[in-house]
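Notes to accompany the following structure.
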Amino acid sequence: MDSPKVAVYTLGCKVNQNESDAMISCLERAGYREVPFEEKADLYIINTCTVTHLADRKSRQMIRRAVKTNPNAIVAVTGCYAQTSTGDVLGIPGVNLVIGARDRHRLPELVEEAKGAKEPVNAVKNIFEVHDFEEITEEKIVPHMVRAYLKIQEGCNQFCSYCIIPYARGPMRSLPVHRVLKKAEELIQGGYLEIILTGIHTGAYGIDLSPRTSLADLVEKLIGLKGLKRLRISSLDPHEINEKLLKIMAESPVLCPHLHIPLQSGDDRILKRMNRVYNTARYRELVNEIRRRIPGIALTTDIMVGFPGETEEEFLHTYNFLEEIAFSGLHVFKYSPRKGTPAADFPDQVAPAVKEERSNKLIQLGKRLLKKYAENYIGRNLEVLVEQTVDISGKEYWEGHSGNYLNIVFNSDQELKGQLVDIHLERFQDGRVFGTLVGDTSAKV
């Protein structure tokens, strides 16, 4: 008898991708076989996102696509949109099961329940009643991957005025230290050379555990694991970067010299209305200290345009502050009103056309800042973790990332996937740095 087929579509952040991998692993243990989402399957899982109205729309589109591909399949919807807009999801014809952002470890059981049900099964529960970190299954070892995301934390207690995520993910929960270390060891044994720590509010890791601990304490333990070549932290709010973490980063060759520190706005009035717990002076002071301790570190950020009431002058403050800080990368997104958040009811909502114009300006600035940062390394050698091959203008290159998160491509006939190699950087073009493999005289850029 053939194994039943499951197809999964993931929207949103790296946490969602990590959870999708775990759900696939959970279903494989129950006898399912994964197939591409475009294929006819017996079970479709749509792991949704609700960070913007566009994410909501894309989630609905993918649900309908699954139903159209195989009207006889079980269609299960999970994730943040399913958690916050359960009624809307249940109203989509063809949906059999809605799970939300908890109880994903029960997926095989809930799918069986949905198969025998006459009406869609609503398994969504109050996310604010959850107090323990949910381990869906053991970490999934994907042979073709060389970098692994390890989710160590769930939920957020910050409640920024624009953000729906605390309502979708619930309160802070951390994976106990011994479980993080065990999962990391399994990933290392599975062949991963780089582990990326991720979560909804990663920097708050450990404050809910007993005894209380911190991200810096966890990192100190992780960098001592045998066989781990690189450890990267996905995102940290400014107030969560402390002396101990900077000391470890400055001294350890394992912890990557790259920090993603969300700014959101470069204007203090807007930051206050966003309910962010810092101002531009504190952010600038932090960046200066980081760069003093770790010269050459890559600093990337999230930035929002079009927050309610943002004037042209306030946008200019943001633009100038980004230029001053000289990030190596910007993730720009347009404010999207989320029902139930305070900012959705703020006056002076910014027109879509204005948001689009401001977004485009910051995207172009981000490209210039990346180019400026990358060109500092032209003529130097950097260690690159080789991830995959890519086609550029009809020519095949190896592609990977340096510790400071530069996207680097080079040509070589050798089989190098999953290896750490030294690359001599030669030129920057279209967001990538082109280089040559050190010691490989046959390769050309």
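The values are calculated or read from the model by the stated rules, or taken from the named source; none is laboratory data. Keep in mind that this is a model prediction, so the values were computed, not measured. Note that we place each Cβ from the backbone using ideal geometry, even for glycine, and neighbour counts take in every protein chain shown.
Here is a yes/no grid of residues against (1) buried (at least 16 other Cβ atoms within 10 Å of the Cβ); (2) among the polar types (S, T, N, Q):
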{"position": "Val390", "(1), (2)": "no, no"}
{"position": "Gly394", "(1), (2)": "no, no"}
{"position": "His401", "(1), (2)": "yes, no"}
{"position": "Asn404", "(1), (2)": "yes, yes"}
{"position": "Val409", "(1), (2)": "yes, no"}
{"position": "Glu415", "(1), (2)": "no, no"}
{"position": "Leu420", "(1), (2)": "yes, no"}
{"position": "Gln429", "(1), (2)": "no, yes"}
{"position": "Gly435", "(1), (2)": "yes, no"}
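Anything in the range 238-277 that is of a type in the set (S, T, N, Q) and surrounded by 14 or more Cβ atoms within 10 Å (Cβ to Cβ)? List them, or say none. Within the range 238-277, Ser252, Gln264, Ser265, Asn275 qualify. Put simply, of Thr300, Thr280 the only residue that is of a type outside the set (Phe, Trp, Tyr), over 24 Å from Tyr377 (Cβ atoms), surrounded by 13 or more Cβ atoms within 10 Å (Cβ to Cβ) and in contact with a Ser or Thr (Cβ under 9 Å, 6 or more places away or on another chain) is Thr280.
In the range 28-46, the residue that is nearest to the chain's Cα centre (by Cα) out of those that are buried (at least 23 other Cβ atoms within 10 Å of the Cβ) and not in a loop (DSSP other than H, G, I, E, B) is Ile46.
Would you please name the residue that is surrounded by the fewest Cβ atoms within 10 Å (Cβ to Cβ), looking only at residues in the range 52-81 that are small (Gly, Ala, Ser) and within 17 Å of Glu119 (Cα to Cα)? It comes out as Ala73.
Condition (residue is modelled with pLDDT of 95 or more and buried (at least 17 other Cβ atoms within 10 Å of the Cβ)) applied to the range 14-26: is it met by at least one residue?
Scanning the range 14-26 turns up no residue that is modelled with pLDDT of 95 or more and buried (at least 17 other Cβ atoms within 10 Å of the Cβ).
Being under 20 Å from Ile200 (Cβ atoms), in contact (Cβ under 8 Å) with a residue 60 or more places away in the chain and either of a type in the set (Val, Ile, Thr) or outside the structural domain of Ser234 (by TED's automatic domain parsing) (or both) is a condition met by at least one residue of the range 62-80. Of everything listed in (1) under 16 Å from the mean Cα position of the chain (by Cα); (2) over 25 Å from Arg284 (Cα atoms); (3) surrounded by fewer than 21 Cβ atoms within 10 Å (Cβ to Cβ), the single unmet condition for Ile165 is (3). Hey, among the residues in the range 1-21 that are outside any strand (DSSP E or B) and over 26 Å from Phe333 (Cβ atoms), which one's farthest from the chain's Cα centre (by Cα)? Top of the filtered list is Met1. Between Val433, Val421, Val390, the distinction of being touching a helix residue (DSSP H, G or I) at 6+ places or on another chain (Cβ under 9 Å) and not in a loop (DSSP other than H, G, I, E, B) belongs to Val433 only. Kindly check whether there is at least one residue in the range 241-260 that is over 30 Å from Gly227 (Cβ atoms) and at pLDDT 95 or above. There is no residue in the range 241-260 that is over 30 Å from Gly227 (Cβ atoms) and at pLDDT 95 or above. Taking the condition among the acidic types (Asp, Glu), at negative phi and in contact with an Asp or Glu (Cβ under 9 Å, 6 or more places away or on another chain), does Glu387 pass? Criteria met by Glu387. Looking across Pro352, Pro337, one residue alone is under 25 Å from the mean Cα position of the chain (by Cα) and closer than 30 Å to Ala168 by Cα. It is Pro337.
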